[in-house]
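Structure first, then comments.
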Amino acid sequence: MPRANFNQWPISDDYGTLRGHVQRGAECAGLSGERLEDLTLAVHEAVVNVVQHGGGHGDLTMWQDGADLIIEVSDEKGELSSAHVRVQPPTLPSTGGRGLWLIHRICDEVIISRHAGRSTVHMRTRTRVT
């Protein structure tokens with residue numbers, strides 16, 4: 001199935017602008033309310049990880065695939081892997097690891113991959129809950 005409503009933006013520390021892009025795209029895909037807020041938080045966490053730990057630059061890509069909204073956040077450092085994800089939330093006063101844990105709790109599917117010197121967090125969220 002072709003990607004509908006395909007959009008891509010460069011990642012920077014302009015978090016407000018990126019959140020706005022995600023919110024508008026997710027609303028157009030049919031998300032609203034708490035589900036929209038949660039997805040925006042998940043994507044924000046992935047973007048902050050790129051800025052703080054992934055070399056500072058990357059891409060945020062969003063498209064609709066049928067009843068699903070797909071968002072990929074890629075960095076240029078390429079060190080993130082599925083081994084970084086925790087099954088349990090980190091204990092306080094932990095200084096890291098909570099973002100990826102939250103992303104996994106919020107999204108319906110999360111895949112972390114490394115390819116060609118980049119790390120990618122692939123997030124899939126159903127736009128229609130059945």
Principal axes of the chain: Cα extent on each, largest first, Å | 36, 30, 27
May I ask you to compute the full-extension gain from E27 to N7, defined as 0.36 nm times their residue separation minus their alpha-carbon distance, rounded to one decimal in nm?
-> 5.8 nm
Using only alpha carbon pairs under 8 Å that are at least six residues apart, calculate the relative contact order of the range 4-126 and give it in whole percent.
-> 26 percent
Quote the FRET efficiency, to the nearest 0.05, computed for A83 versus D14 with a Förster distance R0 of 30 Å and r equal to the Cβ-Cβ distance.
-> 0.50
Which angle from 0 to 90°, rounded to the nearest 10, does the C-alpha axis of helix 33-53 make with the longest principal axis of the chain?
-> 40 degrees
Could you give the nm distance between label points at H57 and D38, where each point is 7 Å from its Cα heading toward the beta carbon?
-> 3.5 nm
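Readers should treat all values here as calculations from the given coordinates under stated rules, not as data from a laboratory. None of the values given here were measured: they were computed from a predicted structure. All Cβ positions, even for glycine, are placed from backbone atoms using ideal geometry, and neighbour counts span all protein chains on display.
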